[in-house]
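Computed from the coordinates by the stated procedures, all read-outs in this text should not be read as laboratory data. The shown structure was predicted, so the numbers you read here are calculated from the model rather than taken from an experiment. Positions of Cβ are backbone-derived with ideal geometry, glycine not excepted, and every protein chain shown enters the neighbour counts.
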Amino acid sequence: MNGPNTMYRMRPIIKLTEELELPKCMYRMRNIQQAYLNSRVELQLSNKIQPSSISEQVKKFLKCPLPEMTALENRQEAILAQLADLKIQLATLRSQLKQTPVPEVKQGTDTSSKTCNILQNGVIHDVVINASPEYPPYSLAALRRLWGDGLKLGVHCHVHSSITNLPKSLDCFLSLVSSNFEQGRSPLLNVTLVWKNVGADTELVVSPMKHVTVKGEVNILRYLSRLGPPRYNYELGTDPATSARVDGILDICYTLARSRTVKEQQSLIRSLNSQLGKSQFLAGGDRISVADIAAWSVLKQRSLQGLSANMNKWLQNCSQVLRLDM
C-alpha cells in the first residue's frame, strides 16, 4: 500500500444537547490552556505599545510623584531653611563679637597673621586631659609659652583617687602650667589636667557622653595644633613633603614613649638624630614646630642619657625658644 489511507469516520454515539453541570464537591482546577492564551495576548499587547505611550506614562508619574518623594522634598526644604536661619544667627553673633570671617588658608601662604580656629567664634573651650604623674605632658607647658597671646591657654590641675600623692619632681611643671593670667587676659582654651593612673596613654576627653577620647600625647598635640595659631599648624602653609616629615617624626615620638628596651630607645633616638641632621629644628629650618615639642617632651619624660652632641644642642635650642628649663 502506497500513501495514506482515509480512516473510517464514526458517528457520535451520544449527542450532548445541554451543558453538563459539574459536581462542586471536588477541587476545581485552573484552565491551564486558557491561562497560557491570556499570557500570550498580554505579551502581544505590550509589544504593541508605542514609545509615545511610555513617555506619556513617565510625564504622568512626574506630575504625580509618590508620597514618599513628596515627603523627602519637604524635609529637604525644611533643613535648608534651618541652615539659612543658622547662618543668619552666626552672622549676628560675629557682628556682636566683632569677629571677621577667616578666609581659607591656601598652600604656600603666610599664616603668621591668621586667626586660630578656636578664636573664630570667640567662645571659651574646655577640654579634659588625663595624664599619669610618671608621664607628665610637658607639651602643655611648651604650648603655653609658644602660643603666648595667639591663644591663651589656661591649665587647672586635679588629682584622681587612683593617685595617692604627686611626686616632688612635678613642682616645677605645675608652677609653669598653673600660673595665673594678668587681669583682662582670660584664657580662651581651658585645660583641666587630671592626674590619673593611665600610664603612657595620656588621654584627651573629646566627648564624655559618647566616650570619645584621643589617646597619646603626640595625638593630643596633633589635635591642639589644629585649634591653635595657624603658624604652628604643620598642615597649613607647608608643602606635603614637610607635613609628611613632621607626621613621621610624631610617629617616632609616639613609639619612643612606649618603648621598653634600651636597644629600641637607642634605635628611635638615632632616627630622630637623622631627621634633625644639620638643621636647627626637626622640621627643618630655624623655626620650632610641633615635632620639636613632641620629641622634647618625650625625652624629658624618659630622662634618656647618652645623647649625641647634635641632640643635646637641639635640646638647648628648644629650651631657649620655649624659655623652659626643667
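Can you give me the distance in nm between label points at residue 192 and residue 226, each placed 7 Å from the Cα along the Cα-to-Cβ direction?
Once both label points are built, they end up 2.3 nm from each other.
What is the extension gain from residue 13 to residue 169, computed as 0.36 nm multiplied by their sequence separation minus the C-alpha to C-alpha distance, in nm to one decimal? Spell out each step's value before the answer.
On the way: separation 156, 0.36 × 156 = 56.16 nm, distance 12.34 nm.
Roughly 43.8 nm would be gained on extension.
Within 10 Å, count the other beta carbons around each residue, average over each peptide in 13-21, 26-34, 132-140, and list them highest first.
Peptide ranking by packing, descending: 132-140, 26-34, 13-21.
Just to verify a number: FRET efficiency for residue 205 and residue 317, C-beta to C-beta distance, R0 = 41 Å, to 0.05?
On the way: r = 33 Å, r/R0 = 0.81.
With R0 = 41 Å, the Cβ-Cβ based efficiency is 0.80.
Size of the dipole of the stretch 257-326 about the Cα centre, Lys and Arg at +1 and Asp and Glu at -1 on the beta carbon, nothing else charged, in debye to 20?
Value, rounded to 20: 200 debye.
To the nearest 0.05, how large is the calculated FRET efficiency for residue 36 and residue 66 if R₀ is 25 Å and r is the Cβ-Cβ distance?
Values: r = 34 Å, r/R0 = 1.38.
Between residue 36 and residue 66 the formula returns 0.15.
With charges set only on the Cβ (+1 for Lys and Arg, -1 for Asp and Glu), what does the dipole of the stretch 207-319 come to about its Cα centre, in debye to the nearest 20?
280 debye
In nm, give the distance between the simple-model label positions of residue 56 and residue 244, each being 7 Å from the Cα along the Cα-to-Cβ direction.
Modelled inter-label distance: 6.3 nm.
Determine the distance separating the Cα centre of the stretch 223-276 from the Cα centre of the stretch 300-322; give it in Å without decimals.
15 Å
Is there a pair in 215/278; 87/196; 87/152; 263/313 whose C-alpha atoms are over 30 Å apart, and which pairs would that be?
Going by Cα-Cα distance, 215/278; 87/196 fall outside the 30 Å limit.
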